[in-house]
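S.K.: Please read through the structure below; I'll follow up with questions.
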């Protein structure tokens, strides 16, 4: 037995890929040239993760426009007038809005997974967007001839297909990005939106067997974009009891940036399902300082005082660049932090007598 450690997902894109994306949007290069730049970025990402000893690798979401909208890329029936996500530093992200039905994914995440697997023999983790996030694309005023109930049925079917395709393709684990969970409590303190989100996600998760759910995880955090968060001021105590109602085998939680981690770890210990593992964040992507392995070790040892080591893993607090245009953290800093996470987790395992 050892202490598992996994990345969350996104990594900063290399300058070549950012330039190629800009050139494609300006019509200076074609699809093939952009695809080639993305493949080089994926290969470089995996090679770097392997070089620093990552036991599980990911493509760093190099080919995604962002963690959220990849399933609807290229749809013509979208407007830019969707839900606005406000961040603490004043910047905003606005979601697209569906203008016609039916809702169908234009692409599924197993394509990203297979592309990554072509460059490695290591286990590959695949992140997918949670159906709860995609439910925000349906307009508050409805769509003529396409009621919300029908939309949700179509969404559940495609979300299941997205996860199942990755499991069938051999993903080490499929991680649902449920970043809107904590934000929902900021926008609706009553918790009804969160309960609706949990119910929708569980409609999808219930379609998988217990063995399949052991390879499905859920990530939740307060957002990490342009070195800012959208809901760090929301108390974890209001979220965790509901979050752990999700029928998943793994949970990935932001923790390094929490002011009172022992309190949060106590809550995790009291609510974590008996058959689940929790990965706690031990590096903070929006802090420019690179943690030392010793700092990571101490964070893991603190978590192990609350959570049995066989049910404990480590991760980063969030992805490093969930939107492709986020250059607030350098690629070098991101890999340095991941290296510290891996080394520090190994130091903690040694201290705890596990290998």
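Values quoted throughout were computed directly from the atomic coordinates according to the rules given, and no laboratory measurement underlies them. Nothing here was measured: the structure is a model prediction, and the numbers come from that model. Positions of Cβ are backbone-derived with ideal geometry, glycine not excepted, and every protein chain shown enters the neighbour counts.
S.K.: Taking neighbour counts of Cβ atoms within 10 Å as a proxy for exposure, in what order, fewest first, do 99, 345 appear?
M.R.: 99, 345
S.K.: While we're here: Please give the Cα centre distance for segment 274-336 versus segment 162-213, rounded to the nearest Å.
M.R.: 21 Å
S.K.: Taking a ≥ b ≥ c as the square roots of the Cα gyration tensor eigenvalues, with a/c under 1.5 meaning rounded and otherwise prolate when a/b beats b/c, else oblate, which class fits segment 202-355?
M.R.: oblate
S.K.: Within 10 Å, count the other beta carbons around each residue, average over each peptide in 171-181, 309-319, and list them highest first.
M.R.: In decreasing order of mean packing, 171-181, 309-319 become 171-181, 309-319.
S.K.: As a test, work out the antiparallel percent of DSSP beta bridges whose residues both lie in the chain, rounded to the nearest 5.
M.R.: Roughly 25 percent of the beta bridges in the chain run antiparallel, per DSSP.
S.K.: Here is a further query. Given axes a ≥ b ≥ c from the Cα gyration tensor, I'd like to know whether segment 169-209 is rounded (a/c under 1.5), prolate (a/b larger than b/c) or oblate.
M.R.: Note, shape of segment 169-209 comes out oblate.
S.K.: Here is a further query. Starting from the 7 Å offset along Cα-to-Cβ, what nm value, one decimal, do you get for the label separation of residue 73 and residue 210?
M.R.: Between residue 73 and residue 210, the label points sit 3.8 nm apart.
S.K.: Sorted by packing (mean other beta-carbon atoms within 10 Å per residue), highest first, where do 198-205, 148-155, 279-286 land?
M.R.: 279-286, 198-205, 148-155
S.K.: Relative contact order of segment 4-352, please, whole-number percent, based on alpha carbon pairs below 8 angstrom and at least 6 residues apart.
M.R.: The normalised contact order for segment 4-352 reaches 20 percent.
S.K.: Continuing with this model, one more query. Taking other Cβ within 10 Å of each residue's Cβ, how do 252, 70, 219 sort, fewest first?
M.R.: 70, 219, 252
S.K.: So how do 253, 267 line up by other beta-carbon neighbours within 10 Å, fewest first?
M.R.: 267, 253
S.K.: While we're on this one: Quick one: which of 124-134, 324-334 comes out on top by average Cβ neighbours within 10 Å, and what's the full order, highest first?
M.R.: With the highest mean Cβ count within 10 Å placed first, the list reads 124-134, 324-334.
S.K.: What 222 nm value per residue comes from the helices of the chain, counting each DSSP H run with n ≥ 4 as -39,500 (n - 2.57) and dividing by all residues, nearest 500 deg cm²/dmol?
M.R.: Mean residue ellipticity at 222 nm (helix-derived): -12500 deg cm²/dmol.
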